[in-house]
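One structure is given below, encoded as structure tokens.
What follows draws every value from the coordinates through simple rules; no lab data is involved. Remember, it's a predicted structure, so these values are computed and weren't measured experimentally. Cβ atoms come from the backbone with ideal geometry, glycine included; neighbour counts cover every protein chain shown.
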Amino acid sequence: MHSTKAIIAKLTLWCGLLALLTATGSATAEELKELHFGIISTESTAGLKKSFEPWLDAMSKTIGIPVKCLYAPDYAGVIEAMRFNKVHIAWYGNKSAMEAVKRANGEICAQTVDAEGNPGYWSLIVAHQDSDLNSIDDIIAAGKTLKFGNGDPNSTSGYLIPTYYIWSKRGIDPNSHFGQVRSANHETNLLAVATKQVDFATNNTESLRRLEQKNPEMFKQIKVLWQSPLIPSDPLVWRQDLSRDMKAKIKGFLLAYGRFGPNAAEERSVLAATSSGWAPFNDASNLQLLPIREISLVKDKLNIEKNANMSDADKQAKIAAIDQQLADLARYQELLEQFN
């Protein structure tokens with residue numbers, strides 16, 4: 001049996017989970033003159049900018065330096081910007097946060113909270129209200145006749161969750177099974193379904209709620225065919241090498257905003273008006289990524305098992321490695337539960 005130390009070392013290599021235990025920021029790190037905040041591409045830049053500016057302005061006033069925002073065209077753009085120190089903190093989905101922790105010196109510092117009090121959100125498959133499609137079985141049966149609006153490859157709800165729960169478990173490659181597959185953000189996919197540019201698409205409950213609020217008539221054109229198990233709420237991720245003082249200022253702002261002081265009610269309204277409709281943030285760490293890592297590993301295993309171009313020996317070696325990682329992950333979760 002592997003020792004606890006060996007298990008933690010392996011987890012560190014996977015997605016940087018040990019960062020929360022070892023990285024507290026450098027006390028001598030160069031102080032920033034401005035903070036660069038990254039926003040993942042869930043809808044148009046214009047819509048994101050309008051909804052986030054009041055909150056980012058409040059952050060700037062609290063931490064004492066300007067906060068500049070990067071609205072990248074896709075999730076990978078924010079991850080790469082953080083990797084090259086062009087973004088210091090960002091809002092990610094869980095899958096993109098896992099990539100940022102693994103590849104961009106990232107560390108989860110807070111978790112978003114649904115304005116309606118939900119403990120997370122749900123991935124969806126949606127179609128037009130007039131469509132003959134009413135289930136995943138209908139979609140699979142129609143195959144080549146359909147146009148599929150898939151999500152960004154780094155999106156949790158738009159890509160990882162449906163890939164794991166729907167396609168991988170059925171041994172289906174969407175790119176070959178359907179007539180056309182295109183990737184886009186949540187807003188674009190909803191509009192494509194509502195206007196019948198695609199036959200069905202991935203999405204999530206947060207994006208669908210925004211559409212209902214912004215465009216009730218278009219919302220009426222959408223029906224839900226499938227809903228996933230609960231997904232943990234999105235994290236905020238900062239670079240580990242931010243100074244301790246800067247981390248303290250940012251954390252203080254995030255956890256106090258909308259909770260304390262005479263302007264708390266107004267601040268909650270500002271959070272609720274963001275594109276995802278937030279409530280005050282919760283504290284969080286990289287431990288949030290444990291279930292997402294498990295899903296990602298199982299998805300990889302399923303894809304290897306059905307890969308006809310890989311030799312049996314290679315399959316066995318890769319699957320054995322994944323099984324070991326899953327076993328270590330399960331053991332690590334057991335150890336955590338013992339301290340809770």
For Leu225, which sequence-distant residues (separation of 5 or more, or a different chain) have an amide H within less than 5 Å of its own amide H, given hydrogens modelled in the peptide plane? Ile125, Val126, Ala127
Residue pairs, from the table Lys147/Lys315; Lys102/Lys318; Lys102/Lys249; Lys49/Lys95; Lys50/Lys169, whose Cα atoms sit over 28 Å apart: Lys147/Lys315; Lys50/Lys169
In whole angstrom, how far apart do the alpha carbon centroids of the stretch 71-90 and the stretch 232-291 sit? 18 Å
Under the Karplus relation 6.51 cos²θ - 1.76 cosθ + 1.60, θ = phi - 60°, what is the ordered set of whole-Hz ³J(HN,Hα) values for the stretch 236-251, x standing for Gly and Pro? 9, 10, 10, 6, 4, 8, 4, 5, 4, 4, 5, 4, 5, 5, 5, 4
Residues meeting the amide H criterion for Cys109 (H placed from the backbone, H to H distance under 5 Å, 5 or more places apart or on another chain) are Leu236, Val237, Trp238
Remind me, relative contact order of the stretch 125-231 in percent, using alpha carbon pairs under 8 angstrom and six or more residues apart? 43 percent
Geometric extent, Cα atoms of the stretch 125-231 - Rg, Dmax (angstrom): 12.6, 37
Roughly what would the spin-label model give for Gln316 and Arg244, points 7 Å off Cα along C-beta, in nm? 5.3 nm
Using the per-residue mean of other Cβ atoms lying within 10 Å as a proxy for protection, in what order, highest first, do the peptides 149-156, 124-131 fall? 149-156, 124-131
Rg to Rh, two decimals, where the chain supplies the alpha carbon set and Rh follows Kirkwood: 0.98
Exposure-ranked with fewest Cβ neighbours within 10 Å first, Val67, Val181, Val224, Val237 stand as Val224, Val181, Val67, Val237
When the Karplus curve 6.51 cos²θ - 1.76 cosθ + 1.60 is applied with θ = phi - 60°, which whole-Hz ³J(HN,Hα) does each residue of the stretch 143-150 get, with x for Gly and Pro? x, 4, 7, 10, 9, 10, x, 7
Need one number: nm distance between label points at Asp138 and Gln324, each 7 Å from Cα along Cα→Cβ, rounded to one decimal. 4.7 nm
